[in-house]
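Student: Right, I'll just put the structure down here and ask away after.
The values are calculated or read from the model by the stated rules, or taken from the named source; none is laboratory data. Computed from a prediction, not measured in an experiment: that's the story for all the values here. Glycine also receives a Cβ, built like all others from the backbone with ideal geometry; neighbour counts cover every protein chain displayed.
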Amino acid sequence: MTQLPNFERFENAYAGEAPWDIGRPQEALVEVADRVAGPLLDAGCGTGDASLFFAGRGLEVTGIDFLEEAIRRARAKAAERGLAVDFRVADALALGVLAERFGSVIDCGLFHVFSDDDRRRYVKGLAHVLEPGGRLFLMCFSDEEPGDQGPRRISRQELLDAFADGWHVESLQPARFALNPRFTGATFSEGGPKAWFAILERT
């Protein structure tokens, strides 16, 4: 399996309080829930909160993450809540090998971990798994967030460039990431790190 940057850092995060593990989906996803169609792929699903939210709304959901501990916790949550989600340990940079096709993909905090080369590979994989007319709902750190703690910052233009071919940008708006309140490993903007939230249609 191809490993994402700083594999041990992500793995170690689950030994403590992972900043992104907030116990619920990010508000930006909740606000557009009615637009998310199944079957749904949650790329970089973590411990599964967004996947389970959409499964609870009746969607067929597949959640993938490269960390076994995250998937273990996601499966435990699904069992506790009596929800059926196909949680898999899988590499988001290898979406091209998947036989399934999806009506929607959500990416909440994955895109911004990739290098330039891996970003291109990832976008190509997204195009492979999304049905024509399907939508990608993507939330990433914004270059408007000051400092350099946390993940790589992404500019509006970088997003537009990454999805210039074969995609229609329906919307690209500023947003905020909610953080695990027990996380103390970094300091971000008051109100949560600044983000971009994009809705992109596969053409």
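Student: Considering only region 145-169, state which residues are surrounded by fewer than 19 Cβ atoms within 10 Å (Cβ to Cβ) and assigned to a strand (DSSP E or B).
Tutor: HIS168, VAL169, listed by residue number.
Student: Which one of these is closer than 17 Å to ALA198 by Cα and at pLDDT 95 or above: ALA162, ALA74, ALA78, ALA84? Step through it out loud before you land on a result.
Tutor: On the way: ALA74 fails: closer than 17 Å to ALA198 by Cα; ALA78 fails: closer than 17 Å to ALA198 by Cα; ALA84 fails: closer than 17 Å to ALA198 by Cα.
After ruling out the rest, the residue left standing is ALA162.
Student: When you check LEU95 against the structure, is it surrounded by 14 or more Cβ atoms within 10 Å (Cβ to Cβ), touching a residue at least 40 places away in the same chain (Cβ under 8 Å) and either part of a helix (DSSP H, G or I) or on the phi < 0 side of the Ramachandran plot (or both), yes or no? Spell out the reasoning first.
Tutor: On the way: surrounded by 14 or more Cβ atoms within 10 Å (Cβ to Cβ): yes; touching a residue at least 40 places away in the same chain (Cβ under 8 Å): yes; either part of a helix (DSSP H, G or I) or on the phi < 0 side of the Ramachandran plot (or both): yes.
So LEU95 fits the description; yes.
Student: Which count do you get for residues in region 67-107 that are under 30 Å from THR203 (Cα atoms) and touching a Phe, Trp or Tyr at 6+ places or on another chain (Cβ under 8 Å)?
Tutor: Qualifying residue count, region 67-107: 10.
Student: Here's another thing I want to ask about it. Restricting attention to region 170-203, which residues are at pLDDT 95 or above and surrounded by 14 or more Cβ atoms within 10 Å (Cβ to Cβ)? Spell out the reasoning first.
Tutor: Of region 170-203, the ones at pLDDT 95 or above are 170-176, 194-203.
If the condition is that a residue be at pLDDT 95 or above and surrounded by 14 or more Cβ atoms within 10 Å (Cβ to Cβ), then LEU172, ALA175, ARG176, LYS194, ALA195, TRP196, PHE197, ALA198, ILE199, LEU200, GLU201, ARG202 are the ones that fit.
Student: Next question, about the same structure. Hey, does region 127-144 have a residue that's in a loop (DSSP other than H, G, I, E, B) and over 19 Å from the mean Cα position of the chain (by Cα)?
Tutor: Yes; the residues of region 127-144 include at least one that is in a loop (DSSP other than H, G, I, E, B) and over 19 Å from the mean Cα position of the chain (by Cα).
Student: Filter region 44-71 down to the residues that are among the aromatic types (Phe, Trp, Tyr), at pLDDT 95 or above and closer than 19 Å to GLU100 by Cβ and list them by number. Break it down stepwise before answering.
Tutor: Our first condition is that a residue be among the aromatic types (Phe, Trp, Tyr); within region 44-71, this holds for 53-54, 66.
Subset that is at pLDDT 95 or above: 53-54.
Within region 44-71, PHE54 is the sole residue that qualifies.
Student: Of the residues that make up region 173-190, is at least one closer than 22 Å to VAL61 by Cβ, within 15 Å of the chain's Cα centre (by Cα) and not in a strand (DSSP E or B)?
Tutor: yes
Student: Something else now. Does ARG88 count as outside any helix (DSSP H, G or I), over 14 Å from the mean Cα position of the chain (by Cα), basic (Lys, Arg) and farther than 15 Å from MET139 by Cβ?
Tutor: Numbers: outside any helix (DSSP H, G or I): yes; over 14 Å from the mean Cα position of the chain (by Cα): yes; basic (Lys, Arg): yes; farther than 15 Å from MET139 by Cβ: yes.
When the stated conditions are applied, ARG88 passes them.
Student: Mind listing just one residue for me: the one in region 102-128 that is among the β-branched types (Val, Ile, Thr) and within 17 Å of HIS168 (Cβ to Cβ) and, of those, surrounded by the most Cβ atoms within 10 Å (Cβ to Cβ)? Outline the logic, then answer.
Tutor: Taking region 102-128 as the starting set, the residues that turn out to be among the β-branched types (Val, Ile, Thr) are 105-106, 113, 123.
Filter once more, keeping what is within 17 Å of HIS168 (Cβ to Cβ): 105, 123.
Working: VAL105: 24, VAL123: 21.
Among those residues, the one meeting the criterion is VAL105.
Student: Could you list all residues from region 101-139 that are farther than 21 Å from LEU67 by Cα, in contact with a strand residue (DSSP E or B) (Cβ under 7 Å, 6 or more places away or on another chain) and among the acidic types (Asp, Glu)?
Tutor: Once the filter is applied, which keeps residues that are farther than 21 Å from LEU67 by Cα, in contact with a strand residue (DSSP E or B) (Cβ under 7 Å, 6 or more places away or on another chain) and among the acidic types (Asp, Glu), region 101-139 yields only GLU131.
Student: Only one of GLY63, GLY46 is within 16 Å of ARG24 (Cβ to Cβ) and either without any contact (Cβ under 8 Å) to a residue 24 or more places away in the chain or outside any loop (DSSP other than H, G, I, E, B) (or both). Can you tell me which? Even if it seems obvious, please write down each step before you answer.
Tutor: Numbers: GLY46 fails: either without any contact (Cβ under 8 Å) to a residue 24 or more places away in the chain or outside any loop (DSSP other than H, G, I, E, B) (or both).
GLY63 is the lone residue from the list that is within 16 Å of ARG24 (Cβ to Cβ) and either without any contact (Cβ under 8 Å) to a residue 24 or more places away in the chain or outside any loop (DSSP other than H, G, I, E, B) (or both).
Student: Being closer than 30 Å to ASP148 by Cβ and β-branched (Val, Ile, Thr) is the filter here; which residues of region 90-123 pass it?
Tutor: Within region 90-123, the first condition is being closer than 30 Å to ASP148 by Cβ, and the residues that meet it are 90-95, 105-123.
Selection gives VAL105, ILE106, VAL113, VAL123.
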